[in-house]
Amino acid sequence: MKHWITICACSALLLQACGQNTEGTKTETPKEERKVPQLPEIKHTFKLTDYLSENKDLDKDVEDLFKTLDDTAIVAQLIMPAVGRLGNTPTSIKALINKRVIGGVLMLNGTKTEFTSWINEFNELNTANGNPGFLYSADAEPSLFNRKISGSSTVKKANEITSLAELNQCADTIAATLKAIGINYNFAPVVDLAKNGTVGYRGFAKVEANNIPWSNAFIARMQEQGIIATAKHFPGHGLVSGDTHKSLQAIDGELKEIPTYPALIEKGVLSIMIGHLAVVNNPKYNTNGLPATCSKVIVTDLLRKELGFKGLVVTDAMNMGGVTTVKGNSVKAIEAGVDILLMPLDCMKSHGEILAKYRTDAAFKASVDAAAKRVLRMKLCAGAIK
């Protein structure tokens with residue numbers, strides 16, 4: 001009898017187990033749902049001109065906002081992929097937003113209608129996830145504007161502009177288009193000298209004496225209309241012969257294009273893009289085989305400390321040949337002092353590598369926190385967070 005009871009009990013357990021497997025109802029410890037954070041109420045309205053000013057209200061709002069972010073969201077502020085042709089699909093960007101690993105998006109090669117629609121969708125997802133609003137950028141240089149944003153009003157290429165009046169009209173057309181789409185960050189103007197075939201036609205240095213005053217005029221026109229302007233490609237792409245899209249290029253000896261930047265910084269340019277340019281045969285600024293994007297000597301020592309730049313430092317695209325061969329380039333760029341990684345090859349991988357070091361290295365954590373606060377400050381001043 002006992003034997004029969006034992007057989008029945010075992011059979012019952014076996015049937016129960018088979019039932020669990022068949023129905024897929026195996027008991028698991030329920031995962032705790034993430035509580036969507038409540039971002040602090042922003043009680044003040046800021047303008048781009050507030051970014052570089054002494055402003056206690058802005059300082060406080062940045063700190064209050066920063067305190068609501070966990071480390072995942074803090075690191076996310078430093079990562080900006082692209083959407084559009086040659087970039088990610090809108091679906092993949094939405095997945096990254098849901099994973100909370102990015103802080104902005106470059107609108108790369110698309111139509112005005114597409115970009116506007118995508119930005120609206122991304123904003124809704126950010127709200128649902130409790131993410132701070134995004135910086136939305138574009139390569140809206142006069143020479144690339146109509147190619148990057150199809151359907152936009154035609155403007156002259158930078159090297160075809162013949163007067164300040166034409167330049168101002170061009171800048172106004174670009175700014176109006178960006179604002180209508182929802183783009184608040186322009187990776188323009190190119191301030192490199194005109195000799196390089198890849199970038200030379202894209203700036204105002206056809207007449208070298210026009211380069212600084214016309215670049216400043218373009219920057220002022222953008223920023224007066226609420227669009228962050230960007231001087232690029234530091235420390236100077238105009239006098240190298242090659243193309244950093246394909247491979248690392250080297251500035252040999254003196255940094256002859258650095259004199260362009262002090263006047264732009266003094267007038268208040270809010271962003272500077274670092275090029276994938278090595279420096280050789282220069283004892284003070286040698287990058288030891290690394291691109292400037294990964295060199296603390298260039299980003300922190302020269303740009304931040306010597307030239308006194310306090311705005312956002314963004315890399316050129318991190319999928320370019322001039323930087324992809326550098327192992328751990330995302331971490332190295334942040335260590336160098338940049339604030340935003342543009343178009344990493346793999347956003348999840350870059351975020352994971354930065355986050356891992358953030359959690360184990362106090363000095364690196366301090367660098368990331370400072371960069372994230374600069375990004376949040378710019379978002380507040382650009383109206384991306386309200």
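Computed values, structure above
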{"quantity": "Per residue value of the accessible surface for the chain (all protein chains in place, 1.4 Å probe), Å²", "calculated": "46"}
{"quantity": "Burial order of peptide ranges 249-258, 76-85, 190-199 (average beta-carbon count within 10 Å, highest first)", "calculated": "76-85, 190-199, 249-258"}
{"quantity": "Size of charge dipole - the chain - debye, nearest 20, with Cβ of Lys, Arg +1 and Asp, Glu -1, no other charges", "calculated": "420"}
{"quantity": "With every protein chain in place, the chain: carbon and sulfur % of accessible area (1.4 Å)", "calculated": "53"}
{"quantity": "Axial C-alpha extent at least 18 Å, average Kyte-Doolittle at least 0.0 - helices from the chain (DSSP)", "calculated": "2-23, 164-181, 362-381"}
{"quantity": "Region 71-163 - Rg and Dmax from Cα coordinates, angstrom", "calculated": "14.9, 49"}
{"quantity": "Selection from S153, P90, A263 lying farthest towards where the dipole of the chain points positive, charges on Cβ", "calculated": "P90"}
{"quantity": "Region 246-386: C-alpha gyration tensor shape, a/c 1.5 cut-off, then a/b vs b/c", "calculated": "oblate"}
{"quantity": "Three-way shape call for region 279-318 based on the alpha-carbon gyration tensor, with the a/c threshold at 1.5", "calculated": "oblate"}
{"quantity": "Global geometry of region 20-174, whether rounded, prolate or oblate, following the gyration tensor of its Cα atoms and the 1.5 cut on a/c", "calculated": "oblate"}
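The values are calculated or read from the model by the stated rules, or taken from the named source; none is laboratory data. What you see is a predicted model; the values in this text were computed from it and never measured. With ideal geometry, Cβ positions are generated from the backbone for all residues, glycine too; neighbour counts draw on all protein chains shown. In case anyone asks, the SASA skips ligands and DNA or RNA and just uses the protein heavy atoms, side chains included. Shrake-Rupley method; radii C 1.70, N 1.55, O 1.52, S 1.80 Å.
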